[in-house]
Ligand SMILES: Cc1ncc(COP(=O)(O)O)c(C=O)c1O
């Protein structure tokens with residue numbers, strides 16, 4: 001009989017994972033990117049050039065560049081972040097990590113203890129919300145509107161917490177192409193957010209991986225750039241602008257907290273070939289690559305919007321996103337997207353149900369997030385048609401699809 005590890009697993013461990021059974025045929029889930037948007041030839045040449053020149057440095061952990069990672073990539077980032085996001089930082093203010101998910105773990109490890117309180121946008125990245133659940137921290141979700149996190153609601157929440165003697169550990173925000181709502185926090189709200197953070201003595205945790213994917217090519221300055229009190233931890237990633245499987249993200253933070261996170265990064269460094277390849281590729285090519293990537297993503301968004309209009313009609317409500325890879329869709333109130341997820345998956349269509357992307361499960365019950373970057377145009381059209389059929393069968397909506405009126409039920 002096989003050894004039973006079960007009784008040895010400490011109490012409070014996460015539930016066991018299910019075995020991987022492959023991607024759905026029509027996959028609208030996850031933060032996957034457009035396969036045609038990966039600069040494969042450029043990365044091949046970059047890896048070859050970097051390894052030819054300095055491959056022997058792989059003999060040393062972190063290539064001998066120290067625990068913050070490969071210096072030329074940090075140099076690239078300090079120039080790019082200044083130019084695009086207005087951030088003044090040097091390579092010494094940047095730590096390269098294994099995707100921004102590791103950045104989340106390091107920030108959380110440095111700042112959070114069970115029972116703490118954090119503030120975030122009400123609709124929020126699942127990877128972050130799951131971490132809060134596992135860490136046993138209290139989450140205060142702030143509603144958003146078309147301009148991002150609502151500052152009146154944030155101010156009320158901060159005042160309320162203060163009255164109850166609670167000082168939140170940080171305000172976590174995805175201000176620039178928010179996940180899942182794709183909203184961009186306006187300049188005015190950025191100023192208000194920073195003023196409130198100062199007034200209440202609460203730092204800001206800015207998660208910024210989608211800012212390169214704004215269709216107009218113009219982004220507002222990062223909160224990190226606008227802060228006058230060094231109270232912002234900024235994290236970013238190459239997952240959305242180059243490729244998620246590379247697993248390269250970064251943290252920009254003041255030394256007082258960077259030094260704490262470095263003490264927790266005990267993995268002897270993140271993958272170095274990826275860092276070399278990115279530095280070699282991005283320094284000359286990032287600026288020509290990203291507009292091409294955006295063009296492909298926007299074309300897919302337009303296909304998705306057309307398909308939803310055709311198949312769901314007015315039953316699918318959404319704001320046209322200014323960038324990114326997700327559409328946040330509201331279906332009629334009677335649709336339970338957790339149930340829709342199960343039923344659609346059985347027919348090969350994977351969606352992200354709203355409650356997994358929100359701190360308010362009731363409010364998000366009939367919402368869903370669709371990633372339009374990874375499916376092909378054909379898969380988008382076919383997948384949305386199947387989804388509409390499943391939704392009609394289960395919930396009676398949409399009543400009409402593809403110009404054919406069908407009976408409810
Ligand atoms: C808001 C946000 N933060 C962090 C991540 C993690 O990205 P990665 O670890 O690939 O950098 C994602 C991925 O989708 C995300 O949407």
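Structure notes:
- Centroid-to-centroid separation of the range 1-55 and the range 313-385 [C-alpha atoms, Å]: 23
- This ranking places 87, 368, 261, 187 by how few other beta-carbon atoms lie within 10 Å of each, fewest first, which gives 187, 261, 87, 368.
- Sorted ascending by nearby beta carbons within 10 Å, beginning with the fewest, 274, 230 become 230, 274.
- Normalising the average separation of contacting C-alpha pairs (under 8 angstrom, six or more residues apart) by the number of residues puts the relative contact order of the range 331-396 at 36 percent.
- Extension gain for residue 92-residue 8 works out to 26.0 nm (0.36 nm per residue, less the C-alpha to C-alpha distance).
- Counting beta carbons within 10 Å around each of 75, 34, 4 and listing the fewest first gives the order 4, 75, 34.
- Using the Cβ-Cβ distance between residue 317 and residue 20 with R0 set to 45 Å, the FRET efficiency from 1/(1 + (r/R0)^6) comes to roughly 0.85.
- Contact order for the chain, expressed relative to its length and based on alpha carbon pairs under 8 Å spaced 6+ residues apart, stands at 23 percent.
- The range 1-139: relative contact order as a whole-number percent, Cα under 8 Å and 6+ apart: 14
- Label point distance in nm, residue 399-residue 156, each placed 7 Å from Cα along Cα→Cβ: 3.5
- The range 65-105 versus the range 183-202: alpha-carbon centroid distance in Å: 23
- Spin-label model, residue 187/residue 44: points 7 Å from Cα along the beta carbon direction are separated by 4.5 nm.
- Angle between the chain longest axis and helix 71-85 axis [Cα atoms, degrees, rounded to 10]: 60
- Taking the C-alpha atoms only, the angle from helix 40-54 to the longest principal axis of the chain is near 20 degrees.
- In degrees, nearest ten, helix 337-346 long axis to first principal axis of the chain (Cα): 80
- Gained length - residue 333 relative to residue 135, 0.36 nm times residue gap less alpha-carbon distance: 68.1 nm
- 21 Å tail of the calculated P(r), the range 214-368, as % of Cα pairs: 64
- Listed residues 297, 246, 58, most fluctuating in the chain (Gaussian network, C-alpha, under 10 Å): 58
Every number in this text was worked out from the coordinates using simple rules, so none of it is lab data. As the structure is a prediction and not an experimental result, all values here were calculated from the model. Heads up, the Cβs are rebuilt from the backbone with ideal geometry, glycines too, and the neighbour counts pull from every protein chain shown.
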